[in-house]
Amino acid sequence: MHATGGQSTASSLSPEASAYGSPTGRRNFLIEGLVVAIGTFVGLVPLLAGVMVYLDPLRRRGGAGEFIRIASLDSLPDDGIPRQFPVVADRNDAWNHYAAQPLGSVFLRRQGDQIEALNAVCPHLGCMVDFQQDRDIFRCPCHNSLFEPDGERIIPPDGNCPSPRSLDPLEAQVRGAGGTAAVWVKFQNFRAGTPERIPEA
Ligand code: FES
């Protein structure tokens, strides 16, 4: 005696497969899949949040590209002569905090209400420039690049200036008033040796 094709197929399937074969079974299968997907997603959210918190110190380095208090306004004479100041700030690296770390150096120049700030690093190969008050120029001691007091590169008569660009200007602000007024600078280093001004991390 032979079973019909339909009877043979139904009898060879497992109970689960048989159940999912019907419209109700397929609906149950989709609902179960959705529940599993939502449960997985909900379970991953706190896990990802925990990973982000754990890695948070890696994302908070401090320093580059941030405004840093450089000096009191009173310490900067209103005479247009650039003066050099260290840049010091707290820094964070992976899971560590370092207080009062030297980050670099800037020249500030005050003319009336105007404050100009320049990064003291020579754009040629990264030496620190000096301001020579008697000559009214910046000079790099390493390869003799020269710059105007506003940071503009000076091209000598032979056209050979080692620095590929002018000194790097920085954004400066006066914050506070009266005796508490201070100069803040958005400190940033830039890649040396390129005509373009490319910020470094
Ligand atoms: S590093 Fe300044 S001129 Fe070379």
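Being away from the ligand (no atom under 14 Å from the Cβ) and at pLDDT 95 or above: is that true of residue 192 here?
No: the conditions fail for residue 192.
Just wondering, is there one or more residues in region 80-95 that are within 21 Å of residue 68 (Cα to Cα), touching a residue at least 40 places away in the same chain (Cβ under 8 Å), of a type in the set (Asp, Glu) and away from the ligand (no atom under 16 Å from the Cβ)?
no
Consider residue 166 against the criteria (1) among the polar types (S, T, N, Q); (2) more than 23 Å from residue 79 (Cβ to Cβ); (3) away from the ligand (no atom under 11 Å from the Cβ): it satisfies all of them except one. Which criterion is unmet?
(2)
Being within 16 Å of the ligand (Cβ to nearest atom) and within 15 Å of residue 69 (Cα to Cα) narrows it down to one of 187, 147, 107, so name that one.
Checking each option against the conditions leaves just 107.
The values are calculated or read from the model by the stated rules, or taken from the named source; none is laboratory data. Source: prediction; values computed, not measured. Positions of Cβ are backbone-derived with ideal geometry, glycine not excepted, and every protein chain shown enters the neighbour counts.
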